[in-house]
1. For the pair Lys36/Thr82, report the inter-label distance in nm, with labels modelled 7 Å from Cα in the Cβ direction.
2. Quick one: plug the Kirkwood hydrodynamic radius of the chain (C-alpha pairs) into Stokes-Einstein at 37 °C, 0.692 mPa s, and report D in µm²/s.
3. What's the extension gain from Val159 to Glu47 if we count 0.36 nm per residue and subtract their Cα-Cα distance?
4. Show me 66-72, 77-83, 157-163 ranked by packing, highest mean number of other Cβ atoms within 10 Å first.
5. By how many nm would the segment from Glu90 to Val66 lengthen if fully extended, with 0.36 nm per residue of separation less the alpha-carbon distance?
6. Pairs of alpha-carbon atoms within less than 8 angstrom and 6+ residues apart define the contacts here; what relative contact order does region 6-51 have, in percent?
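Read the figures in this text as sums done on the coordinates, not as results from a lab. These numbers were taken from a predicted model, which means no experiment stands behind them. Note that we place each Cβ from the backbone using ideal geometry, even for glycine, and neighbour counts take in every protein chain shown.
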Amino acid sequence: MTEITTELVKELRDKTGVSVMQCKKALEETGGDIEKATALLLEKSAEIAGKKSDRTLGAGTIGSYVHSTGTVGVMVELLCETDFVAKNEEFKALARDIAMHVSATDPKFLKSEDAGADSDPESVLLNQPFIKNPEVTIINLVQSATQKFGEKIEVSRFVRFSISQ
């Protein structure tokens, strides 16, 4: 078994964004294997998000991104349960990161249910690999945020504008 060092915990925390204690526990459960610990944390995030799925969303933020060329702009509505989380800088950064992702990937649908059976799975925002870390999907990112903030978090809608050239 690998010794669980602070460097190993920090690496996992940087990679996943979850708390130090959750990272340490995941590393202990997986014998110090960072890949298995990452997978375990993603699995736990999905489980926690499932338990919170029936909660009411009463707050949120609008994340926006305009590409440096000024020809593409995106707005994303990211909802949560309380204004305490909605005002959190990390929550706002998540909304902006998702908006930047939408700018780069141009998804056509939010959820799989919105897309038809013959639609390309890559056209669904929540199923896409995140541009800043292709090892996780957008839904994994949202589930990790649910775990981190302890509240149900959901991307409710997005809009992408572009100037055709």
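1. 3.6 nm
2. Using the Kirkwood radius from Cα pairs, D works out to 196 µm²/s.
3. Numbers: separation 112, 0.36 × 112 = 40.32 nm, distance 2.88 nm.
Between Val159 and Glu47, full extension yields an extra 37.4 nm.
4. Top of the packing list down: 77-83, 157-163, 66-72.
5. Details: separation 24, 0.36 × 24 = 8.64 nm, distance 1.92 nm.
Full extension from Glu90 to Val66 adds 6.7 nm.
6. About 31 percent, as a whole number.
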